[in-house]
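Enquirer: Structure in C-alpha cells, see below.
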There are 2 protein chains.
Amino acid sequence: MVMRKKRTNDPEGMRRRVLDVAEDTFQARGYHASSLGDLMAAAGVTGGALHHHFPTKKALALAVIEERVAAAVRETWIDPVLAAPSAREGVRAVFEAVAEELEQQGYVRGCPLNNLAHELSLADDEFRLALARIFADWRQAIADKIRADQLDGGEGAIDPERFAALTVAAYSGAMSMAKASQNAGVLRECLKGFENFELSPSRGRLKRRRRVLPRPKIG
Amino acid sequence: MVMRKKRTNDPEGMRRRVLDVAEDTFQARGYHASSLGDLMAAAGVTGGALHHHFPTKKALALAVIEERVAAAVRETWIDPVLAAPSAREGVRAVFEAVAEELEQQGYVRGCPLNNLAHELSLADDEFRLALARIFADWRQAIADKIRADQLDGGEGAIDPERFAALTVAAYSGAMSMAKASQNAGVLRECLKGFENFELSPSRGRLKRRRRVLPRPKIG
DNA sequence: TTATAAACAGACCGGTTGTCCTGTTTTGTC
DNA sequence: GACAAAACAGGACAACCGGTCTGTTTATAA
C-alpha cells in the first residue's frame, strides 16, 4: 500500500486561484452564464473547497467585485491618472494604452466594471452598491486630480465633477461600443473628440500660465 | 358537456405580446436571468405557442434586438435628433428628456441597447452583429445631422464621426453609472460637461453665420 | 500524543431550464 | 364539406445548476 501524494493545505492560494478564474470567466461570459461547475473545472478545485471559501455564488461574485474589479480600476485608471503630470494627460494616456492593448490582443472583452455593472446592478442591491462605489471612487480620483491641476494653474475653471463624470462616461460607453463591434477604434475616436474639445467656462483662456505662486483656489 | 370558450387564433397579436414581455423582462433582468417559464407566465402564453413563433430562446432575443431595441433607439434618439434644429440641441434635448423621465419614474433600468450589448456581445456573434449595427446606425444619424448643420453654417469644422462617437459613448456610459447608482443625476452632469465644451478644430470660431441661402433640407 | 478546528474531497439532491414531441383546434382554400 | 397547413395546448425529458451533506485529511495548539 503506497501513500502516493499527500495533500497540502493552502487556503490563500486556493482562494486566489478561484478568484483568478472567476474574475476571468465573469469577464468573458458574465455572471449568470458562468456555472460553478465551469469555475471548479477551470480552477481545478473541488466543490467542497469552493464552498469552504465562498459559501454562495453571490459571495464569490461579491469578492470578485470588491477585490479584483476595484483593483483593476485602480491599476488601469486611478493610479496612472494620479501619477500623470495632469488629469488631461493622464486620461489621454490611459485611453491610448487601453486602445493599444486591445488592438494588439485582437479582441475586446470590455470593461470589467461595466460588464458586471450592467448585469448585476438591478439583480441585487449588494452588488449594485459595491459597483456604484467603484464608479464613485473612479470619478473622485479624476475630479481630485483636476482640482490639483487647478491649484497648480495648469487647468481652467472647469467643474471637476463634470469633467470626471464625462470622462468615465465616455470611456465606459466607448468600451461598450468597442466590445460590440470588436474594434478598439472607437476608443481612439472618442479620445480625439475629447481632446478637440476645449474647456469653456473661463472664456478667456489662460494659456500655459505656469505656476507662479501657490494658489489657494481655482484659477 | 359545455364547450365554453372557443379559441381565436391571433398570430400577430400573440407574437407581439411575447415580444412585449420579452423586451420588458430582458431589460429588467437580463437575458440569462429571464427564463422562458417566466416569459410564458407573464405573457399568458403556452409553451407550444411560444415555440411556434420563436423556436429557440436565442431567436426570441434576436427578434427583441432587431425589432424592439432598434426601434427604441430610433424613437428616443435618432428621430428626435434628426427633427431638432441642430445636432447639439437635439442631443441636449434627448439627454434632458431621458433624465427627467428617469427622475420622475424613480428608478433606472438602463439603456436597452447597452444592457443587452454587454451581456450578449461576447456570447454569440449573431447577437453581437445585430447590436453593433444598432450602435452604428445611432452614430451615423448623429454624424449626418452634424454634417447637415455644417452645410447650414450652424456648426464648426468638428469631425462628425468624432462628435457622434463621443455623444453615444457619453450617453451610454452615463446611463451605465445612472443604473449602478440608481440616480439620473450623472446624466445631467455629463450633459453639462458636454455643453461646456466647445469645438476647437476651427480655432477661429465662425460665429452664428446664419443661413444665407435657401436650404433644401430640414430647417 | 491528543484534541480541535480548519481545509478539503466528492457524492448527492431538489428544483429549474430550454427544448422537444404528440395531440388538438382553428383557419384558409378548393 | 374536405383537406392541408398553420396556430396553439400542454406534457415529458434530459441536462444542468447551485447548494448541502457527510466524511477525510491537514494544520495547530496544548
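The values are calculated or read from the model by the stated rules, or taken from the named source; none is laboratory data. In this text, all values refer to a predicted model and were calculated from it rather than measured experimentally. Every residue, glycine as well, gets a Cβ built from its backbone with ideal geometry; the counts of neighbours run over all protein chains shown. Ligands, DNA and RNA are stripped out before the accessible areas are found, and what is left, the full protein with its side chains, is counted by its heavy atoms. Shrake-Rupley method; radii C 1.70, N 1.55, O 1.52, S 1.80 Å.
Enquirer: Looking only at the stretch A:26-49, count every residue that is of a type outside the set (A, V, I, L, M, F, W, C), over 13 Å from B:Glu119 (Cα atoms) and in contact with a Ser or Thr (Cβ under 9 Å, 6 or more places away or on another chain) and tell me the total.
Expert: Selection size over the stretch A:26-49: 1.
Enquirer: While we're here: Looking at (1) surrounded by fewer than 24 Cβ atoms within 10 Å (Cβ to Cβ); (2) touching a residue at least 60 places away in the same chain (Cβ under 8 Å); (3) touching a helix residue (DSSP H, G or I) at 6+ places or on another chain (Cβ under 9 Å), can you tell me which one B:Leu151 breaks?
Expert: Unmet condition: (3).
Here's the yes/no breakdown for (1) of a type outside the set (Gly, Ala, Ser); (2) within 8 Å of DNA strand D (Cβ to nearest atom); (3) open to solvent by less than 70 Å² (accessible area, probe 1.4 Å); (4) in a loop (DSSP other than H, G, I, E, B):
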| position | (1), (2), (3), (4) |
| --- | --- |
| A:Lys6 | yes, yes, no, yes |
| A:Leu19 | yes, no, yes, no |
| A:Ala33 | no, no, yes, yes |
| A:Ala49 | no, no, yes, no |
| A:Pro55 | yes, yes, no, yes |
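Enquirer: I'd like the full set of residues that are touching a Phe, Trp or Tyr at 6+ places or on another chain (Cβ under 7 Å) and more than 17 Å from A:Gly173 (Cα to Cα), limited to the stretch A:66-86.
Expert: The one that is touching a Phe, Trp or Tyr at 6+ places or on another chain (Cβ under 7 Å) and more than 17 Å from A:Gly173 (Cα to Cα): A:Ile78.
Enquirer: Mind listing whichever residues of the stretch B:117-131 are part of a helix (DSSP H, G or I) and more than 8 Å from chain A (Cβ to nearest Cβ)?
Expert: B:Leu120, B:Asp125, B:Glu126, B:Phe127, B:Leu129, B:Ala130
Enquirer: I would also like to ask the following. Picking from A:Glu119, A:Glu89, A:Glu100, A:Glu66, which residue would you name as being under 19 Å from A:Ala178 (Cβ atoms), surrounded by fewer than 16 Cβ atoms within 10 Å (Cβ to Cβ) and among the charged types (D, E, K, R)?
Expert: Unique residue meeting the criteria: A:Glu100.
Enquirer: Right, another one. Which pairs turn up if I take residues in the stretch B:46-66 that are farther than 12 Å from B:Glu126 by Cβ and look for partners that are within 6 Å of DNA strand C (Cβ to nearest atom) with beta carbon separation below 7 Å, at least 6 apart in sequence or on another chain?
Expert: B:Leu50/B:Leu36; B:Lys57/B:Leu36
Enquirer: Looking at the stretch B:103-116, which of its residues are open to solvent by 20 Å² or more (accessible area, probe 1.4 Å) and in a helix (DSSP H, G or I)?
Expert: Those that are open to solvent by 20 Å² or more (accessible area, probe 1.4 Å) and in a helix (DSSP H, G or I): B:Glu103, B:Gln104, B:Gln105, B:Pro112.
Enquirer: May I ask you to verify whether A:Ala28 is at pLDDT 95 or above, in a helix (DSSP H, G or I) and either over 24 Å from A:Ala180 (Cβ atoms) or near DNA strand D (Cβ under 8 Å from one of its atoms) (or both)?
Expert: Answer is no for this residue.
Enquirer: Check B:Ala72, B:Ala59 and return the single one that is more than 14 Å from chain A (Cβ to nearest Cβ), closer than 16 Å to B:Asn114 by Cα and more than 10 Å from DNA strand D (Cβ to nearest atom).
Expert: Going through B:Ala72, B:Ala59 in turn, just one is more than 14 Å from chain A (Cβ to nearest Cβ), closer than 16 Å to B:Asn114 by Cα and more than 10 Å from DNA strand D (Cβ to nearest atom): B:Ala72.
Enquirer: Out of A:Ile78, A:Ile158, A:Ile142, A:Ile134, which single residue is buried (at least 16 other Cβ atoms within 10 Å of the Cβ), within 11 Å of another protein chain (Cβ to nearest Cβ) and in a helix (DSSP H, G or I)?
Expert: A:Ile134
Enquirer: Residues that are within 14 Å of DNA strand C (Cβ to nearest atom), of a type outside the set (S, T, N, Q), closer than 24 Å to A:Ser34 by Cα and within 13 Å of another protein chain (Cβ to nearest Cβ): does the stretch B:33-46 have at least one?
Expert: Yes, some residue in the stretch B:33-46 is within 14 Å of DNA strand C (Cβ to nearest atom), of a type outside the set (S, T, N, Q), closer than 24 Å to A:Ser34 by Cα and within 13 Å of another protein chain (Cβ to nearest Cβ).
Enquirer: Farther than 17 Å from A:Gln27 by Cα and within 13 Å of another protein chain (Cβ to nearest Cβ): is that true of A:Pro85 in this structure?
Expert: It is false that A:Pro85 is farther than 17 Å from A:Gln27 by Cα and within 13 Å of another protein chain (Cβ to nearest Cβ).
Enquirer: Among what's in the stretch A:35-47 and is in a helix (DSSP H, G or I) and within 23 Å of A:Leu131 (Cα to Cα), pick the residue that is farthest from the chain's Cα centre (by Cα).
Expert: Only one residue fits best here, namely A:Leu36.
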